[in-house]
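Single-structure report; data block below.
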Amino acid sequence: MAVRPIRLFGDPVLRRPAAPVVDFDKELRTLVADLTETMLEAPGAGLAAPQLGVGLRVFTWNVDGEVGHLVNPELTLSEEQQDGEEGCLSIPGLVYDCRRALHVVAHGFDMHGEPLLVEGSELLARAVQHETDHLDGVLFVDRLDTAARKAAMKEIRESEWFGLERPTVKVSPHATRGLGI
Ligand code: NI
């Protein structure tokens, strides 16, 4: 088990749809353990594999003192909606109101390949929807209305973490001898 670095907004892995898990092997169990440990250390209410740079349909959740995981989730959403604050460990510091289904039934598998059902309302339902979105390359800012999304994007661009993980060109220490370059 290990705490691993969380990929941040701007990393292309967060925009790639993740592949279904086929092998329920030791590697998958290590991934679930790493997701759990990284989520709890953050701390966060959920974490999806692409946030650790792994393109597999796996997420963990942590709501009201209960911790779980789900592999290859298929969601059924209630028509009834909820409004409430949402954030994302890949977009540090941002919190916006985001509309979600109030209740969710999520079918999938545990890390051993046994069928698993996660069912919940409010924060658990929100977390399950948010993490399943990550598996489709969708981020919660995509779900905001136009005005809120604009404000969120501005806040992201102005965040001190934004763009840090990208390659940077070092400024040459050499004099340019008066040439404009
Ligand atoms: Ni997130």
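The values are calculated or read from the model by the stated rules, or taken from the named source; none is laboratory data. Computed from a predicted structure; not experimentally measured.
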For this session: Report yes if Thr132 is modelled with pLDDT under 90 and β-branched (Val, Ile, Thr), otherwise no.
Result: no
Problem set entry | Subset of the stretch 15-51 (residues that are farther than 19 Å from Glu86 by Cα and among the acidic types (Asp, Glu)) | Asp23, Asp25, Glu27, Asp34, Glu37
